[in-house]
Amino acid sequence: MNSIKNIKTVIFFILLSAAFLQAQSLDSLINEGVRNNPQLKSLNYKIKASEHNAKSVGTMPAPSLNIEFNSLSFSKPNIWNDALSQSFSISQMIPLGGKLGAMENMANSETAIASSEYDSYKITLISKIKMSYYTVWQIEKNIEIQKKYIDLLNSLLKTNETLYQSNKLSRGEILMLQSEIANYETQLVVLKNKKEIEISNLNKLIGRDVISGNITVDNDIYKKSTSLNEREIIEDIKLINPSLIKMNRMILMNEAAITANEKEMIPDLMIGGMLMRMPQGMIVTTKSDPMMIGMGGTEVMYGLMASITLPFAPWARGKIDERTLQLESNIKSVESEKLDMERDMIQKAHELLLKLKNTDELISLYNDKVLPLERDYLEMQKSSFLNNNTSLNTVLEANKMLLMNEMNLYMAKADYQMALADLEMMTGKQFFN
């Protein structure tokens, strides 16, 4: 029975290890980043804070309660019976004309702006994760090429050492081959360091510890998009780009602020009531009848109060008028900035579409023409070299050319996906699910 449990445990850990060795898909990393990125979490909390603020500004101001004990004597410390009078009053300010609703609308506009900031950073984060992922993929492909050609050069070295021993090859050619291998091995170390740095950056973006370990990427990232219509992309930029939506909402916030500011011209109402208790009767003055002194009992009176502010007074309304002019200038500023940003994005989108088209053509040329010809040429030179019809240097040059063009192919594939990620960041939508 115990042996069966041990076997199951071993199988479990084997499957678990295999799961970790599998490539982690880009979509899973993006989902993890959206859940765990600290900056995105911070922006989400700002939205919640703004929502609470909107609710708070729409509430009535607090009432005022006042308690007063008049004419107390140090020799008679009883504040209830020996005071000349006690006053208890309460008052409440009541904003009129829908002021509270206007302020709440302005605060809701600020919440909408915070939401746009969240959406903008989210799409930027997704784009950064993609670009970092593609960079790791490109470095890994370069590492694969380096290892493959180091293996090829080692096989040539073994063959050449045999030729050297039979005096068919010079010692200089052996040293040249060894030097070439050492050069590629040096480049391999540099590439591995670059990969480690980029993986730490990717871990940071997705909310992991920067030294949390390796990330295994997909074998191929190239996906050609067939939905790149320039007119539709321009419309998407105008309608759903998060940064432009944020500017629209900034305009709406300033308009709401103008409405709230103009409502300040409406008076506020203050109402209140007072209760006065006089333990020694009515207050005696010099004009009171002397016969009444000391004969009064406790008197209780009350009073009512109402007052309004006068914000339309000529010496007071200037503040409101100037505030409105300030907000109107803010609107014009945001409108101009939005127009400039929109044009800049459309121009960049046009450039990215041209880059995507050219890069796609390059990928086809490398796959269909350049690399097959380079491989055939290298094999021909290797065969000629083994038959003493060409030099070792010619083989190495053919090897370098093939290496460079394979790297160019992988670079073109990464550039295509990065340009697509840039385009997605501007349009605010994904071209691939």
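The values are calculated or read from the model by the stated rules, or taken from the named source; none is laboratory data. Since the structure is predicted, the reported quantities are computational estimates derived from the model, not experimental observations. Cβ: placed from backbone, ideal geometry, glycine included. Neighbour counts: every protein chain shown.
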Filtering region 299-325 for residues that are surrounded by 14 or more Cβ atoms within 10 Å (Cβ to Cβ) and part of a helix (DSSP H, G or I) leaves a count of 4
Of the residues in region 198-227, those that are in contact with a Ser or Thr (Cβ under 8 Å, 6 or more places away or on another chain) and either assigned to a loop (DSSP other than H, G, I, E, B) or free of Cβ contacts under 8 Å to residues at least 60 places away in the same chain (or both) number 4
Checked region 177-197 for anything touching a residue at least 24 places away in the same chain (Cβ under 8 Å) and either in a loop (DSSP other than H, G, I, E, B) or not β-branched (Val, Ile, Thr) (or both); matches are 177, 180, 184, 185, 187, 188, 191, 192, 194, 195
Counting only residues in region 284-315 that are under 29 Å from residue 91 (Cβ atoms) and hydroxyl-bearing (Ser, Thr, Tyr), the one modelled with the highest pLDDT is identified as 307
Only one of 399, 388, 393 is on the phi > 0 side of the Ramachandran plot and in contact (Cβ under 8 Å) with a residue 60 or more places away in the chain, namely 388
Subset of region 353-409, residues part of a helix (DSSP H, G or I) and among the β-branched types (Val, Ile, Thr), comes to 359, 363, 370, 394, 395
Residue hits (region 35-71; under 17 Å from residue 100 (Cβ atoms), β-branched (Val, Ile, Thr) and either part of a helix (DSSP H, G or I) or within 28 Å of the chain's Cα centre (by Cα) (or both)) are 57
Among residues of region 182-217 being under 21 Å from residue 407 (Cβ atoms) and of a type in the set (D, E, K, R), the residue farthest from the chain's Cα centre (by Cα) is 185
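Condition check ((1) modelled with pLDDT of 90 or more; (2) touching a helix residue (DSSP H, G or I) at 6+ places or on another chain (Cβ under 6 Å)) across all residues:
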{"site": "1", "(1), (2)": "no, no"}
{"site": "10", "(1), (2)": "no, no"}
{"site": "24", "(1), (2)": "no, no"}
{"site": "42", "(1), (2)": "yes, no"}
{"site": "47", "(1), (2)": "yes, yes"}
{"site": "73", "(1), (2)": "no, no"}
{"site": "79", "(1), (2)": "no, no"}
{"site": "91", "(1), (2)": "yes, no"}
{"site": "105", "(1), (2)": "yes, yes"}
Next item on the list: Would you check if there is a residue in region 413-426 being surrounded by fewer than 17 Cβ atoms within 10 Å (Cβ to Cβ), in contact (Cβ under 8 Å) with a residue 24 or more places away in the chain and in a helix (DSSP H, G or I)?
Entry: no
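Quick check on residue 329: is it surrounded by fewer than 13 Cβ atoms within 10 Å (Cβ to Cβ), out of contact with any Leu (no Cβ under 7 Å at 6 or more places or on another chain), at pLDDT below 90 and of a type outside the set (A, V, I, L, M, F, W, C)?
no
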Here the residues within region 332-365 that are exposed (fewer than 11 other Cβ atoms within 10 Å of the Cβ) and among the hydroxyl-bearing types (Ser, Thr, Tyr) are 336
Condition set in a helix (DSSP H, G or I) and among the basic types (Lys, Arg), scope region 234-283, selection nearest to residue 78 (Cα to Cα): answer is 263
Of 83, 54, 49, 62, the only residue that is surrounded by 14 or more Cβ atoms within 10 Å (Cβ to Cβ) and farther than 30 Å from residue 281 by Cβ is 54
